[in-house]
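Read through the structure below, which is laid out as C-alpha cells, and then see the notes.
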Amino acid sequence: YIEYLRAHADEVQALGKDLSIGVTAFFREPDAFHVLERIVIPDLVQRGDRAGGGDRPIRVWVPGCATGEEAYSIAILFFEQFAAARQPINLQIFASDVDDGFLDVARTGLYPASIDADITPERLQRFFIRTADRHYQISKPLREAIVFAPQNLIGDAPFSRLDLVACRNVLIYLEPDVQARLMALFHFALAEGGYLMLGPAESIGPATDQFEPVSRKWRVYRRIGAGRRHAVDIPILPAGAPRGPVPPRGETPRPTRVAELLHRALTADFAPAAVLINPRHEILAVQGPVVDYLEFPPGELTRDLLSMARSGLRMAIRGACRQAMQGHRTAIDANARVERQGVYVPCTVTARPVAGPKDAESLLLVTFHDRSSQAARTVKKPPGAASPRRAVESTLIGQLEHELKATREDLQGTIDDLETANEDLRASHEEVMSMNEELQSTNEEMETSKEELQSLNEELSTVNSQLQDKVHELDAANSDMVNLLAATEIAAVFLDLDLRIKRFTPPTARMLNLLATDLGRPFRDIATRVGDAILLEDCRRVIEQLTPLEAVVRADDERAYLRRVLPYRTADNRIDGVVLTWVDITRRLAAEAESRRLSAVLRDSNDAVALLDLEGHITGWNRGAEKLYGWSEAEALALRVQDLVPQSDREAASDLVRRIGQGEAVSESLETQRRTKDGRTRDVWLTMTLLRDASGQPESIATTDRDVTELKEGLAARQAALLYQEVIEHLPAGAVLREDGRLIMNQAAEAITGYQRSDLATVDAWCAALHGDQARELRPRYEASRAPGRLAQPVSLAIARKDGQARHVQLTACRLDDTHELWMLVDMTERDQAERALRRSEDYLRSIVTTAAEAIVTADSHGVIETFNPAAERMFGYTSAEIVGQNVSLLMPQPYRDEHDGYIGRYIKTGEAQIIGTGREVIGQRKDGTMFPVDISVGEIGHLRHFTGILRDLSDRRRLEWRLAESQLEERRHMARELHDEIGGHMTGIGLLAQALQAELAKAESPLADRTQDLVQSITDAHQRLRSVIRGLIPVEAIPEGLMEALKTLARQCETVSRIPCRFRCEPPIHLDDPATALHLFRIAQEAVNNAVRHGQPGQITVSLGQRAQRLEIVVTDDGRGLGEVPEGHAGIGLDSMRQRARLLGGDCLIQAREGGGTVVRCWVPLPGLRARTTRTHTVTPSETGR
C-alpha cells in the first residue's frame, strides 16, 4: 500500500480525508463559550481599546476549524462585545484546517436549518440570512472578519502576535511529545497575556511555567513567561519520526549540505565549552564539551552550576561570576584547575555579562578552555601510591593555594558587603537622632502653644462681655422689626437656604394659613391658598443666580397677587436665604383689563380711528388708520389732521375742527376725501366727536373714518366686468377672467382644462379640480399681488384635466383694475417633454464628466480652457475657478508649452491631425510647479472647433516601473557579482592550473604541450568574454563619476568597433549619485549611438552630457543621412525604448533632423540628486584610454 501511495498522489489525499475528523457545531459545550464571553473576550476588547485607540486588531487563530462553526461562534461573541462596548469592530480571525473541502464549506458559510437548535433566535436574526432552500447563511460582515486558509498544524509555520488561540479537540489525536511541542508553539505564537482554549479532554501537560489557568474545568489558559524561540521546532513531528518523505526503495537519502557539515565541524573543534546562567547560578543553556568541566552530582538532578562544577572549579566560577556581576564587565580567572580523570588540568574560566533584551540583561555567559601550554605540568593524583610523593604534594599545594586565594577573595567581598551594610546602619542611626531632635523641638513648640491658648482664653472673656451688649441692641432692633412687619399690609415670608420658614408677617398668616408652630418647617409642606407651582423652583434659582424674580399668582378666592422672590442678604453681604412677598393687585389688574379691552376695540377696528387735540394735532392712531392711510403710529403722531386732507379741502377741515373744539357741535358726520401716504385720494365717511374731561371741559376730538371708495367703485366695476367678458370670449388663447373669487373661462381655456366654465366658477373649484391634493399648497400662487395694467411673471403649474391627463401649463396674470384680473393659459406639455429629454442628456453627460476618474478638460480653438472637472482639479492642483479662461498650455512645461498652440493652429488651418484623435504620453505641470507624466487623448467636439482632452496620471505607473527597473538593476548587479566572484574566481584558478600544466608538459617536451597552449589561450579568451559580460551587466559604476566614465567608454568602443570618430563632451563634469538613473541614461545614449552607426552612415558622432536650468540633457548628434523627426507611435523598438526610459525618469526624448544633415537625439530628465561642480573640464587622458 505504501508503494501504491507513492505512485498515486490522489490516494494520499483520499487517505488524509478519511483520517481527518470534522465533528463540530455552533457553541459546542456552551459553558466553555460562556467563559470566553464573560472573561476572555471583554478583557481583549478593553485591552485593545487601551493599547492604541483601536489601531491594532484583535488577532484570533482557530486551528483545526473543520467546517467553521467554532470560528463563527467566536466571531459572534466578539461582535456582540464590540457592540456592547460601543467600539468599531477591529477583529481578525484566522481559521485553518488540512482539508480543503471543509474550508470551502466554511468560506461559503451555508449551514442546514438544524443549527437553530444550537443558536438563539436573536443571534439567528442578527448574524444569519435564511435562504430559499431552507438553509442559513452567515452574514457578509461576519464572513469578512474570518480568513480560512489551509494549514498543517504540525508542519507549517504558525501565525504570530495572537490574542487568542482556540485549539479544541485536536490534541487528543496527537502523540504526547507532539502535544508538548505544540504547547511551545502556541506560547511562541501568542502575544503577552494572550489566551489559549483547549478541548475538555485536553490539557497543557508539563507547560505549567508557560500558561496559567483561567478556567481549569473548560481548559482556558493565559500565556505567562518570556518567549522561548529556541523551544519552537517547525515542523513539529513526533519523536523518532522521519524529517522528510520516505525515500523509495533503491534510492539513497539526500546528503547533508556541506555548509551544515562545516558548521558542525567548526563548532565541535573550536567552540569553547560554555554555559548561560542567571544570577542564581542556574544553567539555562550549554554549548560545547562542558562534560570536561561539569558533572552531575549524586542525588536529585540540579541545574546549579556550582553544584555541577568539577573539583577545583567551584571557587574559580564563584569568584569570576561575582566580579562580572558587580563590575558589569568580563572577568577572567586564568589560574583555575579542574580535576579530570585523576589529573588537575590548568584551565581558564571567563564570565561575561550578556547584553540583549530586558529579560537577558542579568544573564552571564561562562566559558571554559584548557591552557595547553601548561599541560606538561599536570600531575596525576596517586591512585594508590604509584606516583612520587613530591609531585603529588606540589600539585595539591598549588590547588590548595588557588582555592585559598579564591576563598580570600570571597571573604574580602563579604567584608566589603558588611562594611556597606555598616555604613547604611550608621546613616540610619543618624536619621533617628535627627528625628529625636525634631521631636524635642516639637515638644517645646507645644509648650509655647499652651501659653498662647491661655492668653486667647482671656481675650475670649473680654469679647463675651462685648457680645452681651450687642445682644441687647439686637433685641431692640428685633422689636422694631416685629412692629414694622405687624403694621404693614404686605404678606412676607423669610426662608433659609434650605427653604425652611424663619419668619412671616401677619397678612401672610391669613393668606397662607401659617401658624406660629410652622417656624422651622420646610415651606414645601405648607398647603397654601395661592396657586404657584413654580414658587420653590424660583426660590432655588434666586439662591443660585442672586437675581430677583416675580410672577402674578391667584388665590382660591380669585384675588390676584404680585409675588416677588428676593435674595436675603446679611449685614456682611452674605446670602442666607430668600424673602417672599405678595402684593394684592386685583383692582389694578381689573382696571388694566378694562383698558386693554377698550384699546383692543379701537386698535383692531377696521375703521380709521384717530385722537386729536383741540388744535388738530394727532395724538392717537389705530391699526385701521395705519391700514387706510399708510402712516405708522409714530409717523402719524407728528402730523396734523389737515395733512390728511387734499389741498382744496384743508380750509374746510380746519373750520370743522375749530367748531367741534369750541363745542359748537358735539358730533358731526359727513362724506369727504382723504389723502394717503402714497398720494392716493380715498372717499371716506367722517364722524368727528368732542371728548370732555371730568370737569366737562373740551379735552380732545375723536375721528372715525370709514373708506367708501370701494362702494362707489362697485357699480363701475360691474359695468366693466361685462365688457371684459365680451373681450376674452373671442381671444384665440386660453383666457380666464377673475372677478374677486369668481372665474369666467373662454372656449380655449375649456379645451385646455377639459372642464366647462360652469364647473370651474370659483378659484376654490379651479384649485380643487385642477390640483387635487396640492390645492392648498398652490392656492397662494393665484393670490400674488400684481400691479394694474402690467403682466406678472409667468408661473408654471401642473394641472389634471377632467379626463385624467396631466398637463403642464404656463399662467400669466394681468390685473385689469382693482377687482378684475386676466389669466392667460399656454399648454407647455409637449415643450416640457422635449426639454426634459435634453436636460436628461445634459445631466447624464455632466455626471459622467464630474464623476470620471480621469481628468477631462475642454478648450476652444484658441486653447482657452472652458471646463475643468474635479479629477483635473485633483491632478493639477488648480480649482476650476482659477484655471477656466486660462490657456491650456499653463498645464504644460517647456518645450510643450511653446509647441501646443502650433499644433492647434496647424490642425485648424490644414485639417491634418497629428495629436487630435490619438493618444500620446506627455509631461504635465501642476500648480506648484511639479511635473508628472500624463497619458492624454484629444478629440474634437463635432465640428465646432472645440476640443476635449482626457488625461490620466501615470505617476503611480512610473513609480512601479521605476521600482521594477531598480529591481532589475539590483538583479544585474547580483548576477555580475556572482559571475565575478564565483565563475571568475574558478576561471582564474583553471587558467593558472592550465598554465602550470602547459609549463610542466613543455618542460617534459610532451607532444601535448601545443594542445595545452591552445587550451590556455581558450581559457584566457573565455575569461575576457566573461569580463565583457560583467561590464555589460553593470556598464555604469556605482560612483558619482560612473555615468561620465561609462559614456567615455561607450565613445571609445564605438570608435574602435565601427572606425567612426566618436567624441564625448561634458563641461562642467556631472556627478550623479543615483546608479539606476545613470544606467537608464547610459542605455539611452547607447541606443542612440547604435542607431546612428547602423542606419545613419555618419562621418562623426558626438555624445554630450550637460545641465540646463533644472534638468539634465544627453544629446547624441551625427552627420549622417539622417532619420528625420520621428513622431510618437511610428518609431521602432529602440526609439520607443529610449522614450520609455526617459519618461520613466520624468523626462522625455525627442528625435529631430540636424541642420546640414544628420540626426539629433535629445533626452532630458529632471535633476533629483544631481549636483554640478564648477571644476576644471575633464578630458580623456592617454592613461584613461589605455584603461
Task: Residue, farthest from E550 (Cα to Cα), within region 507-527, restricted to residues that are surrounded by fewer than 17 Cβ atoms within 10 Å (Cβ to Cβ) and of a type in the set (S, T, N, Q) - done: T517
TODO: Identify, from the list A1092, A1046, the residue that is assigned to a helix (DSSP H, G or I), within 15 Å of R1141 (Cβ to Cβ) and in contact with an Asp or Glu (Cβ under 8 Å, 6 or more places away or on another chain).
DONE: A1046
Task: Exclusive hit being in contact (Cβ under 8 Å) with a residue 24 or more places away in the chain and among the basic types (K, R), set R1059, R1065, R1094 - done: R1065
Open item on the list: Kindly evaluate V165 against the criterion of being modelled with pLDDT of 90 or more and under 12 Å from Y221 (Cα atoms).
Closed with: yes
Open item on the list: Being under 47 Å from the mean Cα position of the chain (by Cα), more than 30 Å from T709 (Cβ to Cβ) and at pLDDT below 85: is that true of V864 here?
Closed with: no
Task: Number of the condition not met by D100 [criteria: (1) surrounded by 18 or more Cβ atoms within 10 Å (Cβ to Cβ); (2) farther than 20 Å from R28 by Cα; (3) not hydrophobic (A, V, I, L, M, F, W, C)] - done: (1)
Open item on the list: Can you name every one of the strands (runs of 3 or more DSSP E) wholly within region 1105-1177 that holds 3 or more residues which are modelled with pLDDT under 70?
Closed with: 1170-1172
Task: Hey, S758 modelled with pLDDT of 75 or more, surrounded by fewer than 17 Cβ atoms within 10 Å (Cβ to Cβ) and not assigned by TED's automatic domain parsing to the domain that holds L825 or not - done: no
Task: Considering residues of region 667-693 that are acidic (D, E) and under 15 Å from D607 (Cβ atoms) only, the residue surrounded by the fewest Cβ atoms within 10 Å (Cβ to Cβ) - done: E671
TODO: Within region 1137-1160, track down each residue that is charged (D, E, K, R) and in contact with a Phe, Trp or Tyr (Cβ under 8 Å, 6 or more places away or on another chain).
DONE: D1148
TODO: Might you check whether a residue that is in the same structural domain as D576 (by TED's automatic domain parsing) and modelled with pLDDT under 80 occurs anywhere in region 489-506?
DONE: yes
Open item on the list: Under 6 Å between Cβ atoms, which residue pairs at least 6 apart in sequence (or on different chains) link something in region 510-522 that is at positive phi with a partner that is surrounded by 13 or more Cβ atoms within 10 Å (Cβ to Cβ)?
Closed with: G520/R500
Task: Residue satisfying condition, being loosely packed, with under 14 Cβ neighbours inside 10 Å, out of contact with any strand residue (DSSP E or B) (no Cβ under 7 Å at 6 or more places or on another chain), within 24 Å of R1143 (Cα to Cα) and at pLDDT below 85, within set R959, R897 - done: R959
Open item on the list: For region 164-178, which positions are assigned to a helix (DSSP H, G or I) and closer than 16 Å to N152 by Cβ?
Closed with: L171, Y173, V178
Open item on the list: Could you go through region 338-353 and let me know if any residue there is in a helix (DSSP H, G or I), surrounded by 14 or more Cβ atoms within 10 Å (Cβ to Cβ) and not hydroxyl-bearing (S, T, Y).
Closed with: no
Open item on the list: Only one of I990, I936 is surrounded by 14 or more Cβ atoms within 10 Å (Cβ to Cβ), in a strand (DSSP E or B), modelled with pLDDT of 75 or more and not assigned by TED's automatic domain parsing to the domain that holds P1075. Can you tell me which?
Closed with: I936
Task: Criterion: under 30 Å from N335 (Cα atoms), surrounded by fewer than 10 Cβ atoms within 10 Å (Cβ to Cβ) and either out of contact with any Phe, Trp or Tyr (no Cβ under 6 Å at 6 or more places or on another chain) or at pLDDT 80 or above (or both) - qualifying residue of A375, A391, A360, A386 - done: A386
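This table checks each residue for (1) assigned by TED's automatic domain parsing to the domain that holds N622; (2) at pLDDT 90 or above; (3) hydrophobic (A, V, I, L, M, F, W, C).
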| residue | (1), (2), (3) |
| --- | --- |
| A527 | no, no, yes |
| L546 | no, no, yes |
| V565 | no, yes, yes |
| T570 | no, no, no |
Open item on the list: So T462 ticks every box in (1) of a type in the set (S, T, N, Q); (2) at pLDDT 80 or above; (3) farther than 30 Å from V530 by Cα but one. Which box is left unticked?
Closed with: (2)
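The values are calculated or read from the model by the stated rules, or taken from the named source; none is laboratory data. Given the structure is predicted, the values throughout are model-derived calculations rather than measurements. Methodologically, a virtual Cβ is constructed for each residue, glycine included, from the backbone with ideal geometry; neighbour enumeration extends over all protein chains shown.
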